[in-house]
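Heads up: the structure comes next, in structure tokens.
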Amino acid sequence: MASFFETGESARINGGLLGTMGEGSTVCLAGRVTSPGIIQTSDGVELRLEGDDLPGSGVVEVVGTKLNGTCVKTMRVTSLGDDFDLAVYEGLVQHVNGKYRDLFSA
Amino acid sequence: GYGGYSDEAMGGMADTGGGFMSQPSASQEGERRKVARGTQALVPVTIRMALGAAPAEDGENFMIEGREVPQVRVVGNVLRVDQKETKSIYCLEDSTGAIEVTQWVNSGDEELQTLSDRKLKMQPKTYVTVVGHLKQFDGKVTISAYDMRPVEDHNELTHHFLEVIYVHAKKDQQPSWQPNPAPAAIMDVDAANDDGNLTSIQRKVLDYYNQNGTGDEGLNINFVISNCCPLFNCSAADVKAAVDVLISEGHLYSTLDDDHHKSTDSD
């Protein structure tokens, strides 16, 4: 199976949807760092992060692999800035995983 | 906060399916592509949509969802950069796929300081916004960029995807996609017929864009709101509402980003 760095494909989800993903699948989450190694995703769920590239603070986007229903191993972390609106982003996640999923995933 | 997001709530976004963007000023070394002056539809897409594009019959354009897309806009995260002499090749991903974007070196057209500042900001793991043509090379679709810049406000990422959805959804509501009219037909459009149904404030705001937003970038909406309020003796909400209607009716289209618009009436 081709890696994320070749396909560029990841599931843009929230904390609640992580439970529905297969272990080892590549996911993309946005959330606010609440304490070291913990983010609160756009739907208010707290997830644990593992890996070398851990975010310090603020709102971040994490691409990584699912370890279990509440933990993600990070591959890439990008700061989204303190002004990032997680509520609007959560609305986007609903569309990406719902009615308009064909525009975003196979 | 915004709370839930309904289709109505997205009504304020630019209908870029029917909008046009004037010819960009940057020339590109090694690529003198014929561009119909002042008549390039700009469509926001996901990388997955771009990768699935098929060449159109004319051999120049590409088709996405059954319509021609001369120009696309994508927002993606830089996976890697390959700097060559005359060009930089970026590989971008937006979670829907990965695509190669070629940016030609234009040392003559832009101050070198600005160019190198931008390059410094467009490192791997950062988000960038790209406007350009689709190309096909070696069996895969790539983008040849007119404009590529780092994302500063990351809400742009969310808004880009919502705009992709909006344009797609609105297109489906129309019985048929409007065929890409010939450049001459667009230049000759009778403006009086088009805006016969505009209200007084909408007409005034559109005139403001016609008179003050003649450059390729058009005008920043905050600039328009702050100037039009005292000028027309109305509230910011009135001006914003007028702009929203002008966008959805196709009198204004977005240029650089969701905050910049230009009139389709002007050159």
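Below are the figures for this structure:
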{"quantity": "Number of positions in segment A:79-91 that are at the interface with chain B (Cβ under 7 Å from one of its Cβ atoms) and closer than 21 Å to B:Lys125 by Cα", "calculated": "6"}
{"quantity": "Filtered residues of segment A:1-23 (kept if away from chain B (no Cβ under 14 Å) and either touching a residue at least 60 places away in the same chain (Cβ under 8 Å) or surrounded by 20 or more Cβ atoms within 10 Å (Cβ to Cβ) (or both))", "calculated": "A:Gly15, A:Leu18"}
{"quantity": "Breaking point among (1) crowded, with 20+ Cβ neighbours inside 10 Å; (2) closer than 27 Å to B:Ile64 by Cβ; (3) touching a Ser or Thr at 6+ places or on another chain (Cβ under 7 Å), for A:Val88", "calculated": "(1)"}
{"quantity": "Total residues in segment A:62-78, condition facing chain B (nearest Cβ under 8 Å) and closer than 12 Å to A:Val33 by Cβ", "calculated": "1"}
{"quantity": "Pairs where the first residue, in segment B:219-239, is free of Cβ contacts under 8 Å to residues at least 12 places away in the same chain and the second is of a type in the set (S, T, N, Q) and buried (at least 18 other Cβ atoms within 10 Å of the Cβ), C-beta under 6 Å, 6+ apart", "calculated": "none"}
{"quantity": "Top-ranked residue in segment B:219-246 [being closer than 21 Å to B:Val167 by Cβ and either touching a Phe, Trp or Tyr at 6+ places or on another chain (Cβ under 7 Å) or charged (D, E, K, R) (or both); ranked as least open to solvent (accessible area, probe 1.4 Å)]", "calculated": "B:Asp244"}
{"quantity": "Single match in A:Thr26, A:Thr74, A:Thr65 (criterion: closer than 25 Å to B:Val81 by Cβ and open to solvent by less than 20 Å² (accessible area, probe 1.4 Å))", "calculated": "A:Thr74"}
{"quantity": "Condition check for B:Arg73: at pLDDT 90 or above and surrounded by 12 or more Cβ atoms within 10 Å (Cβ to Cβ)", "calculated": "yes"}
{"quantity": "Residue count for segment A:24-39, restricted to those that are of a type in the set (Ser, Thr, Tyr) and within 13 Å of chain B (Cβ to nearest Cβ)", "calculated": "2"}
{"quantity": "Close pairs from segment B:75-94: first within 12 Å of chain A (Cβ to nearest Cβ), partner basic (Lys, Arg) and open to solvent by less than 30 Å² (accessible area, probe 1.4 Å), Cβ under 8 Å, at least 6 apart", "calculated": "B:Asn77/A:Arg76"}
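Residues checked against (1) modelled with pLDDT of 80 or more; (2) open to solvent by less than 50 Å² (accessible area, probe 1.4 Å); (3) in contact with a Gly (Cβ under 9 Å, 6 or more places away or on another chain); (4) of a type in the set (D, E, K, R):
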| site | (1), (2), (3), (4) |
| --- | --- |
| B:Val69 | yes, yes, no, no |
| B:Asn77 | yes, yes, yes, no |
| B:Asp82 | yes, no, no, yes |
| B:Thr86 | yes, no, yes, no |
| B:Gln103 | yes, yes, yes, no |
| B:Ser107 | no, no, no, no |
| B:Glu111 | no, no, no, yes |
| B:Val128 | yes, yes, yes, no |
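The values are calculated or read from the model by the stated rules, or taken from the named source; none is laboratory data. All values reported here derive from a predicted model rather than from experimental measurement. All Cβ positions, glycine included, derive from the backbone under ideal geometry; neighbour counts span all protein chains shown. SASA here: full protein model, heavy atoms, side chains in, ligands and nucleic acids out. Shrake-Rupley method; radii C 1.70, N 1.55, O 1.52, S 1.80 Å.
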